[in-house]
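Below: one structure, written as structure tokens.
The values are calculated or read from the model by the stated rules, or taken from the named source; none is laboratory data. The shown structure was predicted, so the numbers you read here are calculated from the model rather than taken from an experiment. Counting neighbours? That spans all protein chains shown, and the Cβs are built from the backbone with ideal geometry, glycine included. Just so you know, the surface numbers come from the protein's heavy atoms only, side chains and all, with ligands and any DNA or RNA stripped out. Shrake-Rupley method; radii C 1.70, N 1.55, O 1.52, S 1.80 Å.
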Amino acid sequence: MNKVFDRYASIVFLLLGIGFMWQSTAISSSAYGSTVGPNIAPFGLGAILVLLSLRLFYEVLKSKGQSSKEEKLDYKRFLIIFAAAFLYAFFLETIGYIIGTFLFLLVSFQVLERGKWLKSILISGLFAVGVYVIFVVILEGSMPGFPSWLS
């Protein structure tokens, strides 16, 4: 744990979360006949980010001291996941939510924990389909499920 970095990161994430919540109030509350408006997700994610940043700040204050051993930053993993997130956002409408989320999570899990393919495939698939079913079927929201060229 790097106390200085974690302290500043928690403050940045706190401000970012508050910004998400504040700006989500400017989004219209309903669109396209959906009962779940587009302002729900950014507000909820902002609230989660605020709570997690407060938890991180608390953990930094509670920790005893900085370890003498410095951790080496893993830029390669970070850049692979960052590129995967960029491609996920860029191709979301083209390939749809389910396929895009599945591929993004699969790549991310393999970058973080190589070799556990069955576990990665199961978690990625269940998460992508589960979130889609909850949002579209249960909450009656709208989201690009599968690409039009696939059907």
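Could we say that residue 95 is closer than 30 Å to residue 76 by Cβ, among the β-branched types (Val, Ile, Thr) and open to solvent by less than 50 Å² (accessible area, probe 1.4 Å) here? Taking the combined requirement at face value, the residue satisfies it.
Yes/no matrix, rows are residues, columns are (1) at pLDDT 95 or above; (2) touching a Ser or Thr at 6+ places or on another chain (Cβ under 8 Å); (3) under 21 Å from residue 41 (Cα atoms):
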| residue | (1), (2), (3) |
| --- | --- |
| 97 | no, no, yes |
| 111 | no, no, no |
| 118 | no, no, no |
| 126 | yes, no, yes |
| 130 | no, no, yes |
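Within segment 78-98, residues that are more than 20 Å from residue 145 (Cβ to Cβ) have Cβ atoms under 6 Å from residues that are among the small types (Gly, Ala, Ser) and open to solvent by less than 40 Å² (accessible area, probe 1.4 Å) in these pairs: 81/108, counting only partners at least 6 apart in sequence or on another chain. Of all residues in segment 10-27, none satisfies being outside any helix (DSSP H, G or I), more than 22 Å from residue 139 (Cβ to Cβ) and at pLDDT below 90. For segment 110-133, the set of residues classified as under 13 Å from residue 97 (Cβ atoms) and open to solvent by 90 Å² or more (accessible area, probe 1.4 Å) consists of 127 only.
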